[in-house]
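Undergrad: Below are the structure tokens for one structure; questions will follow.
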Amino acid sequence: MTAATNTVSKPKGRNWRATLFERPKKDYWHPYLGGLLLGLVLFASFFLTGNGLGASGGLNRLVVYVEDLVAPAHIDRVPYLLKMAGGDKNPLDDWIIPMIFGTLVGGFVSGWRNGRLQVETNKGPNITKRTRWVTAFIGGAIMGYGARMARGCTSGQALSGGAVLSLGSWVFMFSVFAGAYALAYFVRKLWL
Amino acid sequence: MPFPLPLETLVGKPLMYAVFALIGFGFGFVLESSGFGNSKKLAAQFYFSEMTVLKVMFGAIVTAMVLIFTTVGLGVLDFNQLWVNPTYLWSGIVGGLIMGVGFIVGGFCPGTSLVAMATRKIDGLFFVLGGLFGIFLFGETERFYDLWWNFAGYMGRITIPEWLGLPYGVVVVGIVLMALFMFWGSEQLEHIFGGRDLKKEPRWRYAGAAGLLVVAFGVLLIGDATTADKYARIATAKELQLTNREVQISPGELLSTIGNDTLKTIILDVRPENEYNLFHLHGSQNISLDDLQTYIPEIHAQQALNTIFVVVSNDEKAATQAWKTLVAESVPNAYILEGGINNWITTFGENEQNIVYAPDASGEDSLKFTFPAALGDRYECANPSPHEWELEFTPKIKLQIKRDKSGGGCG
């Protein structure tokens, strides 16, 4: 309501809330166009840097960074964590960190341009918002655990490894789809 | 082979990170614009009503793949310098299945949840928090099955063409055909389950499919570069290094490198096995020129930054051959032992009573000593103490920083 009155009383461009969050909503790209452009980003990444894309590795380093602040001695006793943050190693000193911050900004800018910055909870019609939040958290935890076990998520393993024809990445990719399809029927209430 | 760029040495760390941030920006922008910030759109994939996930993912994979292998085939991009996720078969399969479960329950994968959170979707925020918690749990429980995680089904850096023994071009064409078939199948499923009117789909997608196929067949036509082809591309510079003797290190320098705890020295002895059994340097491994080829992926899978490779033969001929293979396959820090084993024994073996100088007239790369028994590295001069020998030498090793390719997004 206040936003509407503001728009009237002030010149439109000055109202940053309106400029940010009330742009006209546009359609998503056609999936093949999205695929083509995502492929070009992925190729550019390999061509320029030798690395593919990634996300979960960056989240991993954030977690380890916090752990290192809270319990540095613990880090030094666990070999898996030691590799990233042992001694005076800074777990955030890695290319994946600027990449995930870039991803956040890129997602935000695209959402802003296309009027998709509304605060909302996307869910199936038959569950409450609260249920959706709980399942999102649980699903995220399962996903996070699995992604570390598989040494990468959909971006770091499937997309990146897939494009350079890594055998393990292709096996991984089909495992993800298999796991999701196998369970989809049983959790259909969440989405349909 | 100029690409990928050695960004860290070229522009420094801050600018290198800026490049990664820019790539991340493109990544996030495309994900959001494709609808991946919306969990409903992602979950629809698994009920066949909207196959956007599959179309975007496979579209991206095949687009990047044909471009990567075209540039690799043309010699513009060096495949050895690209990060290829090593294959850990079992943790990949189990982890993948777990992720599939997380995907359908939570509605996102890690990358897409970041984009959802950035566009103020509350379910995205909860998913990210859950993801951080799951990652934390893994870090705290990995030690209980450390061995399985690190070794079950480990195959190193291996690609599908290597695994099948097929040329890259054949596999690239095969995967493009498979992807096109899956796109077609997806559209049929969307028509059946999602009631999508296929007549309204844009016609340019046929042109895109044809374009992909043409490029894929281009990869097939160019063919795979052999090690010899790769060496030919860099031959001028490398032959110059050989004639200027920039890469032949003296026995003294090799010994001091072995004694240097901050460096890892891998000595590859490329002589026939019987000569290796007679005498070899302590810690060296015997590998024939033919097997060297299969050892290369292992080198590229290793992450050690400060590893030096020294190839050794009786004199230098076979070692130089091996060195050419290594540099053609972009192995960093490769050197040749100057004068080979013969020179080594001359330098360190003055007190060895049993090793007799007996030059053989045949061949320039032959062993010039005879040994009483095949003691391998148990001769004293096979393992001289780096602290006892203070030899003068002009240092030739210039440590080349390995590029910052690390555990993919996953390290």
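The values are calculated or read from the model by the stated rules, or taken from the named source; none is laboratory data. Since the model is a prediction, treat every value here as computed from it, not as a measurement. Counting neighbours? That spans all protein chains shown, and the Cβs are built from the backbone with ideal geometry, glycine included.
Undergrad: For the range B:5-46, enumerate the residues that are more than 7 Å from chain A (Cβ to nearest Cβ) and among the β-branched types (Val, Ile, Thr).
TA: If the condition is that a residue be more than 7 Å from chain A (Cβ to nearest Cβ) and among the β-branched types (Val, Ile, Thr), then B:THR9, B:VAL11 are the ones that fit.
Undergrad: Further question on the same structure: Among the residues of the range B:301-326, what is the count of those that are of a type in the set (A, V, I, L, M, F, W, C), in a helix (DSSP H, G or I) and under 20 Å from B:ARG271 (Cβ atoms)?
TA: Adding up the residues that qualify gives 5.
Undergrad: Looking at B:GLU32 and the list (1) under 17 Å from A:GLY107 (Cα atoms); (2) at pLDDT below 95; (3) not hydrophobic (A, V, I, L, M, F, W, C), which single condition is not satisfied?
TA: Condition not satisfied by B:GLU32: (2).
Undergrad: From the list B:ALA216, B:ALA228, which one is farther than 30 Å from B:TRP389 by Cβ, under 25 Å from the mean Cα position of the chain (by Cα), in contact (Cβ under 8 Å) with a residue 12 or more places away in the chain and surrounded by fewer than 16 Cβ atoms within 10 Å (Cβ to Cβ)?
TA: Going through B:ALA216, B:ALA228 in turn, just one is farther than 30 Å from B:TRP389 by Cβ, under 25 Å from the mean Cα position of the chain (by Cα), in contact (Cβ under 8 Å) with a residue 12 or more places away in the chain and surrounded by fewer than 16 Cβ atoms within 10 Å (Cβ to Cβ): B:ALA228.
Undergrad: B:MET16: out of contact with any Gly (no Cβ under 6 Å at 6 or more places or on another chain), within 25 Å of A:GLY179 (Cβ to Cβ) and part of a helix (DSSP H, G or I), yes or no?
TA: Spelling it out, it is not the case that B:MET16 is out of contact with any Gly (no Cβ under 6 Å at 6 or more places or on another chain), within 25 Å of A:GLY179 (Cβ to Cβ) and part of a helix (DSSP H, G or I).
Undergrad: State which residue is surrounded by the most Cβ atoms within 10 Å (Cβ to Cβ) when the search covers only the range B:122-148 and only residues that are among the aromatic types (Phe, Trp, Tyr) and within 7 Å of chain A (Cβ to nearest Cβ).
TA: The extreme case among them is B:PHE127.
Undergrad: Quickly run through the range B:374-385 and pick out the residues that are more than 33 Å from the chain's Cα centre (by Cα), surrounded by 11 or more Cβ atoms within 10 Å (Cβ to Cβ) and part of a loop (DSSP other than H, G, I, E, B). Working first, answer last.
TA: Taking the range B:374-385 first, the residues more than 33 Å from the chain's Cα centre (by Cα) are B:374-375, B:378-381, B:384-385.
Among the residues that remain, those that are also surrounded by 11 or more Cβ atoms within 10 Å (Cβ to Cβ) are: B:374-375, B:378-381, B:384.
Across the range B:374-385, the qualifying residues are B:ALA374, B:LEU375, B:ARG378, B:TYR379, B:PRO384.
Undergrad: So which helices (runs of 4 or more DSSP H) stay within the range A:81-192 end to end and still have 2 or more residues that are closer than 30 Å to B:ILE158 by Cβ?
TA: Fully inside the range A:81-192 and qualifying: A:96-113, A:129-149, A:160-163, A:167-184.
Undergrad: Output the residue which, of all residues in the range B:89-121 that are among the hydroxyl-bearing types (Ser, Thr, Tyr) and closer than 19 Å to A:THR103 by Cβ, is nearest to the other protein chains (Cβ to nearest Cβ).
TA: Once the filter is applied, the top-ranked residue is B:THR119.
Undergrad: Looking at the range A:58-84, which of its residues are more than 10 Å from chain B (Cβ to nearest Cβ) and farther than 17 Å from B:TYR17 by Cβ?
TA: Within the range A:58-84, A:ASP68, A:LEU69, A:VAL70, A:ALA71, A:PRO72, A:ALA73, A:ASP76, A:LEU82 meet the criteria.
Undergrad: Restricting attention to the range B:53-68, which residues are crowded, with 24+ Cβ neighbours inside 10 Å and either out of contact with any Leu (no Cβ under 8 Å at 6 or more places or on another chain) or over 27 Å from B:TYR154 (Cβ atoms) (or both)?
TA: B:VAL53, B:LYS55, B:VAL56, B:PHE58, B:GLY59, B:ALA60, B:VAL62, B:THR63, B:VAL66, listed by residue number.
Undergrad: Follow-up question, since we're still on this one. Please verify whether A:LYS12 is at pLDDT below 90, more than 25 Å from A:LEU117 (Cα to Cα), of a type in the set (D, E, K, R) and more than 21 Å from the chain's Cα centre (by Cα), treating the condition exactly as stated. Quick ask: steps written out before the conclusion?
TA: Details: at pLDDT below 90: yes; more than 25 Å from A:LEU117 (Cα to Cα): no; of a type in the set (D, E, K, R): yes; more than 21 Å from the chain's Cα centre (by Cα): yes.
Answer is no for this residue.
Undergrad: Would it be correct to say that B:ASP360 is of a type outside the set (S, T, N, Q), loosely packed, with under 13 Cβ neighbours inside 10 Å and at pLDDT below 80?
TA: Judged against the criteria, B:ASP360 is a match.
Undergrad: Can I ask one more? For the range B:248-293, name all the residues that are part of a loop (DSSP other than H, G, I, E, B) and buried (at least 20 other Cβ atoms within 10 Å of the Cβ).
TA: Going through the range B:248-293, the residues part of a loop (DSSP other than H, G, I, E, B) turn out to be B:250, B:260-263, B:270-272, B:280-284, B:287-288.
B:SER250, B:VAL270, B:ARG271, B:HIS280, B:LEU281, B:SER284, listed by residue number.
Undergrad: Of the residues that sit in the range A:12-57 and are more than 7 Å from chain B (Cβ to nearest Cβ) and not in a helix (DSSP H, G or I), which one is farthest from A:ALA158 (Cα to Cα)?
TA: My answer is A:ASN15.
Undergrad: In the range B:297-328, how many are at pLDDT 90 or above and closer than 16 Å to B:PHE79 by Cα?
TA: Within the range B:297-328, residues that are at pLDDT 90 or above and closer than 16 Å to B:PHE79 by Cα number 4.
Undergrad: Okay, moving on. Tell me which residues, restricted to the range A:91-120, are in contact with a helix residue (DSSP H, G or I) (Cβ under 6 Å, 6 or more places away or on another chain) and of a type in the set (S, T, N, Q).
TA: Once the filter is applied, which keeps residues that are in contact with a helix residue (DSSP H, G or I) (Cβ under 6 Å, 6 or more places away or on another chain) and of a type in the set (S, T, N, Q), the range A:91-120 yields A:THR103, A:SER110.
Yes/no per residue for (1) under 25 Å from B:TRP90 (Cβ atoms); (2) surrounded by 21 or more Cβ atoms within 10 Å (Cβ to Cβ):
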site	(1), (2)
A:LEU53	yes, yes
A:LEU59	yes, yes
A:GLY87	no, no
A:PRO91	no, yes
A:ILE100	no, yes
A:ARG113	no, no
A:PRO125	no, no
A:MET143	yes, yes
A:MET149	yes, yes
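Undergrad: Please go through the range B:55-88 and give me each residue that is at the interface with chain A (Cβ under 8 Å from one of its Cβ atoms), over 17 Å from the mean Cα position of the chain (by Cα) and among the hydrophobic types (A, V, I, L, M, F, W, C), ordered by number.
TA: B:VAL56, B:MET57, B:PHE58, B:ALA60, B:ILE61, B:VAL62, B:ALA64, B:LEU67
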